[in-house]
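Comments concern the structure below.
The values are calculated or read from the model by the stated rules, or taken from the named source; none is laboratory data. As the structure is a prediction and not an experimental result, all values here were calculated from the model. Note that each Cβ is placed from the backbone with ideal geometry, even for glycine, and that neighbours are counted across all protein chains shown.
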Amino acid sequence: MVEEKAYCIDVIRQIQAMQAALNKVSSSILEHHLNSCVTTAVQGDDPKERERVLKEIIDVFETATKVDLYRTSLEVLMEQTENREILFR
């Protein structure tokens, strides 16, 4: 789309649609992982494996939180920009 010089907002909307689809797949995989691998590790006898698996989950959620914070910051910036445009019309 970029190479075809599509309208910027159309490209952004396409990216957002792909991100939403990837988030859905990611959530499904995470749910499966929690119900299988994590459950097995938590119920198992190996404390190192239990700790490793739980750390992985924490890392995944921390990364997701950072992404959400970035999106929230971007949304605030966009909102402020829109408000300025309204004020200066």
Q) Would you pick out the residues in segment 34-56 that are part of a helix (DSSP H, G or I) and either charged (D, E, K, R) or in contact (Cβ under 8 Å) with a residue 24 or more places away in the chain (or both)? A) 48, 49, 50, 51, 52, 55, 56
Q: Considering (1) surrounded by 11 or more Cβ atoms within 10 Å (Cβ to Cβ); (2) of a type outside the set (S, T, N, Q); (3) modelled with pLDDT under 90, say which one residue 85 fails and leave the rest.
A: (1)
Q | Candidates 14, 43, 80, filtered to the one that is modelled with pLDDT of 90 or more and surrounded by 10 or more Cβ atoms within 10 Å (Cβ to Cβ) | A | 14
